[in-house]
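Accompanying notes for the structure given below.
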Amino acid sequence: MFDIKWIRDNAVAFDEGRKKRGLEPLSAHLLSLDDTRRAAIAQNQAVQERRNAASKEIGQAMAKKDMARADELKAEVAALKDKTAGFEAEEKAAIESLNKALGEIPNIALEDVPIGADEHGNIEKSVHGSKPAFTFAPKEHFDLGEALGMMDFDTAAKISGARFVVTKGPLARMERALGQFMLDLHTDVNGYTEVNPPLMVNSDAAYGTNQLPKFEDDLFQTSRSEGSVDRLWLIPTAEVPLTNLVRESILEETALPIRVTALTPCFRAEAGSAGRDTRGMIRQHQFTKVELVSITTPEHSAAEHVRMLNSAEEVLKRLGLHYRVMTLCTGDMGFGAQKTFDIEVWLPGQNKFREISSCSVCGEFQARRMNARYRPTGEKQTRFVHTLNGSGLAVGRALVAVLENYQNEDGSITVPEVLRPYMGGMIKLENK
RNA sequence: GGAAGGGUGGCCGAGUGGUUUAAGGCAACGGUCUUGAAAACCGUCGUGGGUGCAAGCCCACCGUGAGUUCGAAUCUCACCCCUUCCGCCA
């Protein structure tokens, strides 16, 4: 969410920022909406001012028993009242159309973000490890999982439909192990506080982290009863409840940074992804993810972004997986991001790098939507916090990566060493 | 699902139609005092918006939305949320 006052004062910079994202200039349109809004407010306030003054006079006249004067004023206020109704409606409509427009405007990239139209403009920031060598043709994760008898898409389709999976036995345990391992790493080593948040959130929370109003189609929604207005949304990521932990609050600067992490299921309608990744566990309606969220001051958000990336990378390092870090270009970033690092893990079965984490700094974009502020030490005025979120990591995709990278020629899977303590010392997944 | 009680500034809390221009307290900030601090005392102190070079002036806000009234934190209606108890339930 942008501040219209900021846009008024920085119209050129605003339009240039949009241009870098491949978007049309919008400041002129927004400022004209704002002019309409301000004119409506001014005219409404003038009427109300007179009404308030007259009402006060009526009280005074009645105290003096001057009923003639009181009646005269009552008539005047009654006449004003007809006017206010129209003016109020006008003011409300003007404010709504400005807010609606502002709510659908994506964030602007930081200066050091590469400019580009789509994912081809992303820049490789670093690479870790190297492609594992196989003496045989490595298989894709779904072939491995199904052959082991531990991954069942057909049954999931009967129960729920496409884009769901049933995992069983040691494979189900490995998914759980991955989540536990990541969570322990972030809490014990990386300094995050574990949180177990609600998986269903209200519309205000979903608006705060940009899922609404623009991306409603990507969410699953629930309602308590037929025709009920108080619907809740299934979280598409724990970013939503974790970031909203600070909504509508004023924090002391000494309380920052706040670093929280959660292991949760995530639910995505995947409305725009028809035909993409239809086989396997890469793109599901439901998947598990460990999320990292930081709340910081504006001064510290850039450094926190790198720290968060390092925390996510550490998971892959300990799992012994080959990956690269991409700095997303302006055209490939998400709605709320000022800057984003994607981590892509190597999948030998697919012979490709695939996204397994995305770490974004949002500046005050979400904080404005949530009204999340802090009071700088010694200052009277509050400021908006900066928010950051990142996956650390997507557990479903991590499972895919382990299967494909740790596969053996006989179809068995070697369990990465760091996971063994979480799996009762198991060394291999195999079809017995 | 049933019953009762609640929702007022950063926090606590008074306030049942017109000096409420939202009391009072806490916290915070400035000052006096002090070698320094604490205490005490004095002062400042809600949020958002409009207008103005500025000082200021003005509008809105007491859970949300409607309504009654010349005038609503206060009265009416609907809804949301929270607490406690009962019922059901993992």
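Before moving on, here are some points about what is shown:
- Pairs, first more than 30 Å from A:G363 (Cβ to Cβ) and of a type in the set (S, T, Y) in segment A:388-412, second open to solvent by 10 Å² or more (accessible area, probe 1.4 Å) and assigned to a loop (DSSP other than H, G, I, E, B), C-beta under 9 Å, six or more apart: A:Y406/A:P132; A:Y406/A:G320; A:S412/A:E430; A:S412/A:N431
- If you go through segment A:233-263 and keep only what is polar (S, T, N, Q), assigned to a strand (DSSP E or B) and surrounded by fewer than 23 Cβ atoms within 10 Å (Cβ to Cβ), you end up with nothing.
- The single condition among (1) surrounded by fewer than 19 Cβ atoms within 10 Å (Cβ to Cβ); (2) closer than 24 Å to A:T327 by Cβ; (3) in contact with a Lys or Arg (Cβ under 7 Å, 6 or more places away or on another chain); (4) not charged (D, E, K, R) that A:S223 does not satisfy is (2).
- Some residue of segment A:358-370 being open to solvent by 10 Å² or more (accessible area, probe 1.4 Å) and free of Cβ contacts under 8 Å to residues at least 60 places away in the same chain: yes
- Index of the failed condition, A:K81 passing every other in (1) open to solvent by less than 40 Å² (accessible area, probe 1.4 Å); (2) over 30 Å from A:L319 (Cα atoms): (1)
- Some residue of segment A:49-56 being within 9 Å of RNA strand B (Cβ to nearest atom), under 27 Å from A:S97 (Cα atoms), of a type in the set (D, E, K, R) and exposed (fewer than 13 other Cβ atoms within 10 Å of the Cβ): yes
- Test: residue in segment A:121-131 that is within 23 Å of A:S27 (Cα to Cα), more than 9 Å from RNA strand B (Cβ to nearest atom) and among the β-branched types (V, I, T): no
- Filter result for the condition that a residue is open to solvent by less than 90 Å² (accessible area, probe 1.4 Å), among the β-branched types (V, I, T) and more than 27 Å from A:N210 (Cα to Cα), over A:T193, A:T135, A:T155: A:T155
- Any hit, segment A:273-288, residues being assigned to a loop (DSSP other than H, G, I, E, B), closer than 22 Å to A:L234 by Cα, among the polar types (S, T, N, Q) and free of Cβ contacts under 8 Å to residues at least 24 places away in the same chain: yes
- The residues listed here are A:C329, A:C266; of these, the one that is within 20 Å of the chain's Cα centre (by Cα) and without any contact (Cβ under 8 Å) to a residue 40 or more places away in the chain is A:C266.
- Filtered residue count, segment A:139-160, keeping only those that are without any contact (Cβ under 8 Å) to a residue 40 or more places away in the chain and outside any helix (DSSP H, G or I): 1
- Residue among A:A46, A:A70, A:A61 that is within 11 Å of RNA strand B (Cβ to nearest atom), within 20 Å of A:A85 (Cβ to Cβ) and not basic (K, R): A:A46
- Candidate set: segment A:33-43, residues that are under 9 Å from A:E91 (Cβ atoms) and not hydrophobic (A, V, I, L, M, F, W, C); chosen: the one nearest to RNA strand B (Cβ to nearest atom): A:R37
- For segment A:8-43, the set of residues classified as open to solvent by less than 40 Å² (accessible area, probe 1.4 Å) and touching a Gly at 6+ places or on another chain (Cβ under 9 Å) consists of A:R21 only.
- Close Cβ contacts (under 7 Å, 6 or more residues apart or on different chains) running from residues in segment A:1-28 that are within 22 Å of A:N371 (Cβ to Cβ) to residues that are surrounded by 13 or more Cβ atoms within 10 Å (Cβ to Cβ) and aromatic (F, W, Y) comprise A:M1/A:F365; A:I7/A:F14.
- Of the residues A:E76, A:E111, A:E90, the single one that is open to solvent by 80 Å² or more (accessible area, probe 1.4 Å) and either at positive phi or not in a loop (DSSP other than H, G, I, E, B) (or both) is A:E90.
- Long-range neighbours under 6 Å by Cβ, at least six apart or interchain, first residue at pLDDT below 75 within segment A:54-71, second open to solvent by 70 Å² or more (accessible area, probe 1.4 Å): A:A61/A:R69
The values are calculated or read from the model by the stated rules, or taken from the named source; none is laboratory data. Because the structure is predicted, anything quoted here is derived from the model rather than measured. Ideal geometry is used to build each Cβ from the backbone, glycine not excepted, and the neighbour counts take in all protein chains shown. Each accessible area value is taken on the protein alone, full model and side chains, heavy atoms only, with ligands, DNA and RNA left out. Shrake-Rupley method; radii C 1.70, N 1.55, O 1.52, S 1.80 Å.
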